[in-house]
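Q: Dropping a structure here in structure tokens format, bear with me for questions.
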Amino acid sequence: MKTVVLGGYGNFGARICRALAPSPGIELIVAGRKLDKASALARACGHGAGAARIDIHDPQLAQALRALGAELVIHTAGPFQQQDYGTALATAAAGAHYIDLADGRRFVCDFPAALDRAFRQHQRLGISGASSVPALSSAVVDHLTAGWRSIDAIEMCIAPAQTAPRGVATMEAVLSYCGAPVQVWQDGRWTTQLGWAAPTTVAYARLRPRLASLCDIPDLELFPAHYAGVKTVMFRAALETGISQRGMAALALLRRFGLLRHPERFAGLLNRAADGLNFLGSALGGMVVRVRGVDAAGAPAQRAWHIAADNDHGPEIPCMAAVLLARRLAAGTLKAVGAHTSVGQLTLAQFEPEFAKWGMVTDLGE
């Protein structure tokens, strides 16, 4: 399966390329706007990987993908918060399957309705949000609540390592909703809260407690619809240094009062500033998912799943779902067509060999 990774030499794209290059049944093409960078990574990946210059904003994108013979396109060129579906539509028109790493709430949540017809017309599969959320997060919730009669609450928190590589696109995505109103399903009704405001302390199995704040991600909207009866869904992110977390909260207040309208414009500057705080942090990051509800016996239950990723390997986690789905497509074990989100597409057991490969440790708690 000829697989084109758009943004292939970026922070996440390069990790996906390195993982897919030796995978059976996959012929890799590293793609991006700069052919020299794409070619350099292709040579480093080996296994016959090729390179191509492709700009996702090219009006002839469908023709370019068709000329390459693309059978699968993996779109990693974020941020997705302000993107339209041009790349996905061009992929469908080129007769290829499509996977993206989108974390933009509207982009992922509206993807099936907007694109199902286009992908079914070509008998191809399109999956949006193949990343830590909602692909891994839903796999964890499914594992923790297997057999339960009902789920009352789902709370998730990602805690990146301070020294882990951060892409400017990721920083732009984060800042785009800093201080913006976010709709949250809480106590069985929709409430409005501010992104990255009001830090609260979150505990982890193998990390020190950290301050964490609300993030606007697809799970906040997808999970209330997918998990019938759930009353609360919350997602937070916890930066390792308290000064960074409080700084984000301060930016949120500035935007709230109209003093900073577009914080994402400062993504490059703030990304460099964050690097200056590396001496205060570590290479250890992780994630926790907590659920409460009623178990199979009718008793109140609460469970938690933790993962700890050391040595700055945390950014591998957002890449795993796309890698796993690509391998399934190449192996012919993923037969669906149409447009879907990544909710329920993978099981936690399918992720576990990838965790082990990077020395990541998981814990289950009651």
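The values are calculated or read from the model by the stated rules, or taken from the named source; none is laboratory data. The structure presented is a predicted model; accordingly, all values stated were derived computationally and were not measured. Using ideal geometry, Cβ is built from the backbone for each residue, glycine included, and neighbour counts are taken over all protein chains shown. All accessible areas refer to the heavy atoms of the entire protein, side chains included, with ligands and DNA or RNA removed. Shrake-Rupley method; radii C 1.70, N 1.55, O 1.52, S 1.80 Å.
Q: Among the residues of segment 226-245, is any open to solvent by 20 Å² or more (accessible area, probe 1.4 Å), free of Cβ contacts under 8 Å to residues at least 60 places away in the same chain and within 30 Å of Asp295 (Cα to Cα)?
A: yes
Q: Would you confirm whether any residue within segment 160-171 is over 23 Å from Asn11 (Cα atoms), not polar (S, T, N, Q) and not in a loop (DSSP other than H, G, I, E, B)? Even if it seems obvious, please write down each step before you answer.
A: From segment 160-171, those over 23 Å from Asn11 (Cα atoms) are none; that's our starting set.
Within segment 160-171, not a single residue is over 23 Å from Asn11 (Cα atoms), not polar (S, T, N, Q) and not in a loop (DSSP other than H, G, I, E, B).
Q: Quick test for you: out of Ala330, Ala304, Ala322, pick the one residue that is of a type in the set (Gly, Ala, Ser) and either modelled with pLDDT under 95 or within 15 Å of Ser128 (Cα to Cα) (or both).
A: Step by step, each of Ala330, Ala304, Ala322 is checked, and only Ala322 is of a type in the set (Gly, Ala, Ser) and either modelled with pLDDT under 95 or within 15 Å of Ser128 (Cα to Cα) (or both).
Q: If we only count strands (runs of 3 or more DSSP E) wholly inside segment 290-366, which ones have 3 or more residues that are open to solvent by 40 Å² or more (accessible area, probe 1.4 Å) and either under 30 Å from Gly126 (Cβ atoms) or outside the structural domain of Ala70 (by the TED database) (or both)? It would help to see each step written out before you state the result.
A: On the way: elements: 300-309, 338-341, 361-365.
Output list reads 300-309, 361-365.
Q: Going residue by residue through segment 264-284, is there one that turns out to be open to solvent by 30 Å² or more (accessible area, probe 1.4 Å), in the same structural domain as Val230 (by the TED database) and of a type in the set (Ser, Thr, Tyr)?
A: Yes: one or more hits.
Q: Any idea how many residues of segment 145-179 are hydrophobic (A, V, I, L, M, F, W, C) and touching a helix residue (DSSP H, G or I) at 6+ places or on another chain (Cβ under 7 Å)?
A: Counting residues in segment 145-179 that are hydrophobic (A, V, I, L, M, F, W, C) and touching a helix residue (DSSP H, G or I) at 6+ places or on another chain (Cβ under 7 Å) gives 9.
Q: If a residue has to be among the aliphatic types (A, V, I, L, M) and either under 16 Å from Asn278 (Cβ atoms) or not assigned by the TED database to the domain that holds Glu221 (or both) to count, how many in segment 160-179 make the cut?
A: Filtering segment 160-179 down to residues among the aliphatic types (A, V, I, L, M) leaves 161, 164, 168-169, 171, 173-175.
Cutting the leftovers down to either under 16 Å from Asn278 (Cβ atoms) or not assigned by the TED database to the domain that holds Glu221 (or both) gives us 161, 164, 171.
The qualifying residues number 3.
Q: I need the full set of residues from segment 23-50 which are closer than 20 Å to His97 by Cα and either assigned to a loop (DSSP other than H, G, I, E, B) or open to solvent by less than 30 Å² (accessible area, probe 1.4 Å) (or both), in order please.
A: Filtering segment 23-50 down to residues closer than 20 Å to His97 by Cα leaves 23-32, 49-50.
If the condition is that a residue be closer than 20 Å to His97 by Cα and either assigned to a loop (DSSP other than H, G, I, E, B) or open to solvent by less than 30 Å² (accessible area, probe 1.4 Å) (or both), then Ser23, Pro24, Gly25, Ile26, Leu28, Ile29, Val30, Ala31, Gly32, Ala49, Gly50 are the ones that fit.
Q: Still on this structure, please answer the following. Is it fair to say Arg149 is touching a residue at least 60 places away in the same chain (Cβ under 8 Å), farther than 22 Å from Arg327 by Cβ and not hydroxyl-bearing (Ser, Thr, Tyr)?
A: Numbers: touching a residue at least 60 places away in the same chain (Cβ under 8 Å): yes; farther than 22 Å from Arg327 by Cβ: yes; not hydroxyl-bearing (Ser, Thr, Tyr): yes.
In short, yes.
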